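The values are calculated or read from the model by the stated rules, or taken from the named source; none is laboratory data. From a predicted model like this one, the values you see are computed outputs, not experimental measurements. Cβ: placed from backbone, ideal geometry, glycine included. Neighbour counts: every protein chain shown. Note: accessible area is taken over every heavy atom of the protein model, side chains too, but ligands, DNA and RNA are not part of it. Shrake-Rupley method; radii C 1.70, N 1.55, O 1.52, S 1.80 Å.
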4 protein chains.
Amino acid sequence: MRLLNHDSILAGKERSTLYRSTPRTRQNAADRAASIAEAARALLTESGFASATVKSVAARAGCSPGLLYTYFPDRAALLRGAFAHAAGHELAAVTRALEEAETVAEAASGLVSTFISRALAGARLADALLFEALPADVETERLSFRTSYAAAIAARLQAGVDAGEIPEQDTGLTARALSGALSGCLQEPIHDSGRSEFSEAEAAALIADMTVFTHRAIGVSP
Amino acid sequence: MRLLNHDSILAGKERSTLYRSTPRTRQNAADRAASIAEAARALLTESGFASATVKSVAARAGCSPGLLYTYFPDRAALLRGAFAHAAGHELAAVTRALEEAETVAEAASGLVSTFISRALAGARLADALLFEALPADVETERLSFRTSYAAAIAARLQAGVDAGEIPEQDTGLTARALSGALSGCLQEPIHDSGRSEFSEAEAAALIADMTVFTHRAIGVSP
Amino acid sequence: MRLLNHDSILAGKERSTLYRSTPRTRQNAADRAASIAEAARALLTESGFASATVKSVAARAGCSPGLLYTYFPDRAALLRGAFAHAAGHELAAVTRALEEAETVAEAASGLVSTFISRALAGARLADALLFEALPADVETERLSFRTSYAAAIAARLQAGVDAGEIPEQDTGLTARALSGALSGCLQEPIHDSGRSEFSEAEAAALIADMTVFTHRAIGVSP
Amino acid sequence: MRLLNHDSILAGKERSTLYRSTPRTRQNAADRAASIAEAARALLTESGFASATVKSVAARAGCSPGLLYTYFPDRAALLRGAFAHAAGHELAAVTRALEEAETVAEAASGLVSTFISRALAGARLADALLFEALPADVETERLSFRTSYAAAIAARLQAGVDAGEIPEQDTGLTARALSGALSGCLQEPIHDSGRSEFSEAEAAALIADMTVFTHRAIGVSP
DNA sequence: CATGAATGAGGTTTCATTCAT
DNA sequence: AATGAATGAAACCTCATTCAT
């Protein structure tokens with residue numbers, strides 16, 4: 001499966017440096033970059049993008065604002081990096097769930113339960129990833145991740161179609177619709193309600209209903 | 001059916017500055033407010049929210065920046081008003097399509113074809129309403145409209161359930177998922193592709209596929 | 001006794017008018033001007049100068065902002081007028097007390113008790129007149145009234161000197177000092193404490209102490 | 001003697017922007033803050049508060065407008081700081097004069113001569129500190145300094161009372177009245193006359209007369 | 001006389017980014 | 001490699017004043 005290379009964002013800019021690039025140097029640099037991205041991610045998760053100013057990210061990462069520009073070309077790249085860092089975990093979990101399933105029906109179940117249960121378990125992060133206002137420069141990253149989700153889903157659906165498990169369809173379209181549907185069904189509990197804790201029962205009910213929706217939508221025979 | 005009262009947003013602020021409220025006065029005021037909201041909407045549609053500064057909106061509306069504050073309490077309210085102005089039309093069209101249909105299957109078809117055909121016909125506006133980054137103050141309005149869409153859809157679905165046309169289900173959840181699915185299926189053509197013109201054939205194909213998706217998802221028997 | 005002509009401020013600007021100036025016209029005009037000044041005074045008393053915008057004064061006076069400029073050349077004149085309107089009453093009361101007294105000692109007592117008791121009785125107004133920040137254009141009026149107070153006091157003191165009741169002194173200087181002292185002794189109760197109600201006992205104590213201060217300061221033999 | 005801590009105003013805001021606080025860093029920061037406050041003070045003295053815009057203060061201090069906000073949280077704090085910077089010197093001089101005197105009579109003389117001679121020597125500054133219109137945000141600082149003057153005077157008077165040098169009295173009240181009297185006696189020469197140069201003889205005469213006033217007022221036996 | 005919508009200058013404030021050290 | 005003080009462009013918003021009606 002081919003994904004958009006979100007990781008490239010984390011690479012930041014080409015670092016012109018006076019120092020020869022030794023393994024030690026590179027390791028330190030990677031550590032720094034990671035600790036900065038991690039600091040940004042933590043701020044996002046805790047209080048949203050508005051609080052993630054360059055200064056506050058630097059403070060959180062324990063370094064100066066200036067140093068940050070050694071690792072990221074500008075603020076947008078930093079925030080995209082932080083977004084990708086967090087969203088990448090989610091995408092990986094969903095991708096794993098899709099790949100582990102034997103049938104397309106199981107894959108759909110796995111997709112729904114993985115997506116929803118992780119979102120409810122980390123509601124604050126999910127809110128940031130799915131619903132919060134983003135700077136225009138970062139919104140592109142969100143849309144790019146939606147595309148990646150759709151691609152992962154489409155690939156699995158296509159395998160299902162090829163295996164005759166589900167009807168012929170534009171699997172790309174179905175996948176984009178499903179990706180949107182999963183997001184749409186979470187707005188009320190995660191964003192509107194303002195809650196951040198959810199019981200197992202709530203999660204189970206939501207997952208059950210959305211699984212039915214998804215199975216029907218892709219044409220799994222009951 | 002009860003919708004969130006988005007129109008109230010257009011009312012702007014309490015106009016304590018108007019000393020006496022004559023019909024003539026009110027009409028002029030309403031005209032001005034509408035022309036300002038329209039200018040903002042045009043700017044959004046053409047070049048996104050970032051370009052909609054108070055100054056540029058005023059210039060576009062042919063008045064001074066200060067006058068905006070007679071009709072809107074602050075910039076966020078102005079932009080919310082512009083968003084609501086545009087989004088309200090779309091919501092009304094969709095609501096009409098839902099209400100005119102006799103069966104729930106027809107309602108679903110109407111929903112899908114109305115939503116998609118209007119979006120493809122006004123792709124730039126649809127992009128602004130559905131995908132572009134919004135200031136945090138305005139994003140709330142987008143989410144509020146999503147809720148209104150879901151409410152309109154849920155009401156029609158529930159009627160279908162009550163009439164025995166579709167299976168028992170949490171119609172609120174199904175509606176939110178569908179609302180998200182419709183949005184999700186448009187990202188690629190409307191936002192990612194960068195195109196703003198679409199052929200009838202393209203629209204028809206998309207509508208056809210999404211209608212199948214929707215009918216399956218809500219459980220309309222084939 | 002000659003006072004600065006504070007009333008001239010109330011005259012506002014020369015009113016060029018298309019109408020012949022009949023007695024009726026003049027009366028109406030005077031009424032309007034007075035009602036506007038009164039509205040401004042009321043706003044000052046209730047909520048200070050910051051709240052006395054041209055618009056709010058007009059609203060309070062039941063007329064349009066534009067009309068206000070028929071009677072006052074600009075906002076500063078309006079506020080000076082309102083200040084003079086209120087301060088003039090106080091000055092008149094003090095002047096009366098000074099003039100009614102037979103001896104300079106009684107005059108001093110009358111000055112102190114009139115000034116303080118009126119200030120405590122109308123603490124909100126006194127705060128505005130004595131302590132609140134004023135626009136630079138209006139502050140001149142406050143200083144001008146201080147001069148008028150000093151002039152009234154000086155005249156009475158000079159009579160006392162001439163009558164041999166108190167020692168030779170620069171009565172102008174003594175008067176200015178006393179005027180400042182009266183203001184100074186009220187800052188704590190009227191402004192700092194934030195209170196607006198004072199018991200008779202409090203007033204009596206303050207008056208008693210300040211009377212002693214004043215008698216000593218001007219040299220009334222005990 | 002406990003004074004209100006006006007110096008805290010100069011501290012500006014919590015400088016959370018300074019990452020590590022080294023002695024070198026602190027000294028530089030203090031220098032900058034002082035140079036900005038000094039620029040503001042100079043502007044006030046020369047042309048009043050209205051001219052002390054953030055931009056002009058920055059220009060005078062030789063830095064950018066934005067930098068001011070590193071040292072002061074907002075414009076009002078900056079102006080309060082500048083006011084306190086200047087007023088603090090005056091208060092310190094007066095306090096010193098009060099403390100150096102052996103008897104309460106000498107203290108009163110020292111108070112009067114210090115206050116008046118310094119005011120006449122720096123008439124433009126004195127005008128700004130005592131009489132000029134101030135923004136509401138800064139006027140609070142002026143009133144706070146009046147309170148501090150009164151406190152310093154009251155403490156010395158109370159010592160005089162305790163030593164039996166002057167009669168029993170509410171020394172707090174007497175002090176507030178004296179503080180007001182000193183201010184009141186300077187309005188004519190410093191503000192109304194528009195002059196900024198005064199001869200030794202003028203100063204001596206004013207001081208002599210006010211010393212008599214003050215001695216009488218507090219009850220020093222002749 | 002009276003209205004009140006319209007003007008528009010100008011101030012404060014934020015924060016991503018740079019660069020001398 | 002690291003610092004963090006300094007920059008400076010923009011944006012929002014207020015409100016005294018005017019003028020067409």
- [ ] Would you mind getting the accessible area per residue of the protein assembly as shown, heavy atoms of the protein chains only, 1.4 Å probe, in Å²?
- [x] 45
Task: Across the identical copies, how the D:ALA136 labels are spaced - nm, sorted shortest first, 7 Å along Cα→Cβ - done: 1.9, 2.8, 3.8
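By how many nm would the segment from D:SER221 to D:GLU200 grow when fully extended, if each residue of separation counts as 0.36 nm and the alpha-carbon distance is taken off? Mind showing how you got there, number by number?
Working: separation 21, 0.36 × 21 = 7.56 nm, distance 2.79 nm.
Additional length available on full extension: 4.8 nm.
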TODO: Using a 1.4 angstrom probe on heavy atoms only, work out the carbon and sulfur share of the accessible area of the protein assembly as shown in %.
DONE: 53
Task: List of the stretch C:37-70 residues, accessible area with partners at least 30 Å² below that of the chain alone (1.4 Å probe) - done: C:LYS55
Open item on the list: Using each residue's phi in the stretch C:104-110, evaluate 6.51 cos²θ - 1.76 cosθ + 1.60 at θ = phi - 60° and report the 3J(HN,Hα) Karplus result to the nearest Hz, with x for Gly and Pro.
Closed with: 5, 5, 5, 4, 5, 4, x
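Kindly provide the GluC sites (Glu not before Pro) of the stretch D:122-222 that DSSP labels as loop, not H, G, I, E or B, and whose Cβ sees at most 11 other Cβ atoms within 10 Å.
D:GLU168, D:GLU197
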TODO: May I ask you to find the residues of the stretch D:118-133 that are shielded by at least 10 Å² of accessible area once the whole protein assembly is considered instead of their isolated chain (probe 1.4 Å)?
DONE: D:PHE131, D:ALA133
Task: Between 0 and 90°, nearest 10: helix B:136-162 axis offset from chain B longest Cα axis - done: 40
Open item on the list: Using only protein heavy atoms and a 1.4 Å probe, how much accessible area in total is buried between A and B, to the nearest 100 Å²?
Closed with: 2600
TODO: Could you work out how far the C-alpha centroid of the stretch D:58-86 sits from that of the stretch C:121-136, in angstrom?
DONE: 28
Task: Selected from A:ALA128, A:GLY172, A:ALA217, residue furthest toward positive end of dipole (the stretch A:82-218; charges at beta carbon) - done: A:ALA128
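Can you give the charge dipole size of the stretch C:78-218 about its Cα centre, rounded to the nearest 20 debye, using +1 on the beta carbon of Lys and Arg and -1 on the beta carbon of Asp and Glu?
Using Cβ point charges on Lys, Arg, Asp and Glu, the stretch C:78-218 gives about 240 debye.
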Task: the stretch A:76-222 shape via C-alpha gyration tensor axes, a/c threshold 1.5 - done: oblate
Open item on the list: Quick check on chain D: helices-only [θ] at 222 nm, where DSSP H runs of length 4 and up contribute -39,500 (n - 2.57) each and the sum goes over total residues. Nearest 500, please.
Closed with: -23500 deg cm²/dmol
Open item on the list: Using a label point 7 Å beyond Cα on the Cα-Cβ vector, give me the inter-copy distances for C:ARG96 in nanometres, one decimal, shortest first.
Closed with: 5.1, 7.4, 9.0
Open item on the list: Are there any residues in the stretch D:165-214 with a reduction of at least 40 Å² in accessible surface when going from the isolated chain to the assembly of protein chains? Probe 1.4 Å, please list them by number.
Closed with: D:LEU173, D:ARG176, D:ALA177, D:GLN187, D:ASP209, D:PHE213
TODO: With a cut-off of 17 Å, note down the residues of the stretch A:188-222 whose backbone N falls inside the zone around a label point 7 Å from the Cα of A:GLU106 toward its beta carbon.
DONE: A:215, A:220-221
- [ ] List the distances, in nm to one decimal, from the label point of B:LYS55 to the label points of the same position in every other copy, shortest first, placing each label point 7 Å from Cα along the Cα-to-Cβ direction.
- [x] 1.2, 2.3, 2.4
Open item on the list: Apply the Karplus curve 6.51 cos²θ - 1.76 cosθ + 1.60, θ = phi - 60°, to the phi angles in the stretch A:198-212 and return the couplings in whole Hz, x for Gly and Pro.
Closed with: 9, 6, 4, 5, 4, 4, 4, 5, 4, 5, 4, 5, 6, 5, 4
Open item on the list: Which GluC sites (Glu not before Pro) in the stretch A:31-127 sit in a loop by DSSP (not H, G, I, E or B) and have at most 16 other Cβ atoms within 10 Å of their own Cβ?
Closed with: A:GLU102
